[in-house]
Amino acid sequence: MTIMCSKNIKLMNQQRIDILIRILFIENYYDKNDYGFEFYKAHMMHIHQGTHRHRRVTKRYTDFIKLIKDFEKNGFDTNKSLLHVNDKGELWDDGAHRLACCLYFNINHIPVKICGVSPKPNANYGEKYVKKVFNKKKCDLILKRYSEWISHNDDMGN
């Protein structure tokens, strides 16, 4: 187990606008915006294809709310799981929900498991992805919020 700064992990994942979409969801949960749930649902509907799409999206939605409540109460629980990152601090495959919670709740030091040397992970949720999934108005809002978020050293949140 290694300890990494959540802000460094955020900066290493600059093609992961999906992390911001999750933060927008958390903001919406705490009544700080009125669009985070909608953006999250659109993102989840896009990545979960197939016959059980709605059921999987609904489960992710409810699981994320449980995770938010757990983070609010307990912080980052290393007994449940660690974030997996490569040697550059890029998320390996999973962990965007937990990283979003860490960033939102200003948890600065996160225990991670380094999963070896790797080029950028396959997940690319950059500007091209956002333009594909969202209409222009929503895309502009997401990209504006993302630009503000990634350029600040202090994380959004409480």
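The values are calculated or read from the model by the stated rules, or taken from the named source; none is laboratory data. These figures come from a predicted structure and were not determined experimentally. Using ideal geometry, Cβ is built from the backbone for each residue, glycine included, and neighbour counts are taken over all protein chains shown. Remember, those area values only see protein heavy atoms, side chains included, never the ligands or the DNA or RNA. Shrake-Rupley method; radii C 1.70, N 1.55, O 1.52, S 1.80 Å.
Go through Lys10/Lys131; Lys66/Lys137; Lys59/Lys88 and tell me which ones have a Cα-Cα distance over 25 Å in this structure.
Over 25 Å Cα-Cα: Lys66/Lys137; Lys59/Lys88.
Got a sec? What order do His48, His97, His152 fall in by accessible area at 1.4 Å, biggest, i.e. largest, first? Spell out each step's value before the answer.
Values: His48 40, His97 20, His152 100 Å².
The residues order as His152, His48, His97, largest area first.
Using a 1.4 Å probe and counting only protein heavy atoms, arrange Ser6, Ser81, Ser151 so the residue with the most accessible area comes first. Can you show the working numbers first?
On the way: Ser6 0, Ser81 45, Ser151 80 Å².
The ordering from most to least exposed comes out as Ser151, Ser81, Ser6.
Take each of the peptides 40-46, 24-30, 62-68, average the number of other beta-carbon atoms within 10 Å over its residues, and list them starting from the highest.
Highest mean packing first, the order is 24-30, 40-46, 62-68.
Under 5 Å between amide hydrogens, which residues at least 5 positions from Cys115 or on another chain qualify, with H placed 1.01 Å from N in the peptide plane?
Val85, Asn86, Asp87
Which ³J(HN,Hα) values, rounded to whole Hz and listed in residue order, are derived for segment 34-40 from phi using the Karplus coefficients 6.51, -1.76 and 1.60 in 6.51 cos²θ - 1.76 cosθ + 1.60 with θ = phi - 60°, glycine and proline given as x?
Running phi through 6.51 cos²θ - 1.76 cosθ + 1.60 with θ = phi - 60° gives 10, 10, x, 4, 4, 5, 4 Hz.
How compact is segment 18-93 by the rule of thumb for globular proteins, expressed as Cα Rg over 2.2 N^0.38 Å? Spell out each step's value before the answer.
Numbers: Rg = 13.8 Å, N = 76, 2.2 N^0.38 = 11.4 Å.
In units of the 2.2 N^0.38 Å rule of thumb, it is 1.21.
Against the longest principal axis of the chain, how steep is helix 136-151, in degrees 0 to 90 to the nearest 10, with axes from Cα atoms?
It is inclined by approximately 20 degrees.
On the accessible surface of segment 1-73, probed at 1.4 Å, how many percent belong to carbon and sulfur atoms?
On segment 1-73, the fraction of accessible area on carbon and sulfur atoms equals 53 percent.
With mean projected area of the Cα convex hull in nm² defined as stated, name the option among (i) 9.9; (ii) 9.1; (iii) 10.6 computed from the structure displayed.
(ii)
Quick check for you: with a 1.4 Å probe and neighbouring chains kept, what is the accessible area per residue of segment 1-112, in Å²?
Heavy-atom accessible area per residue stands at 49 Å².
Could you check what % of the DSSP bridge pairs in the chain are antiparallel, to the nearest 5?
55 percent
What angle, in degrees between 0 and 90 and rounded to the nearest 10, separates the Cα long axis of helix 53-74 from the longest principal axis of the Cα atoms of the chain?
Taking Cα atoms only, the helix is inclined about 50 degrees.
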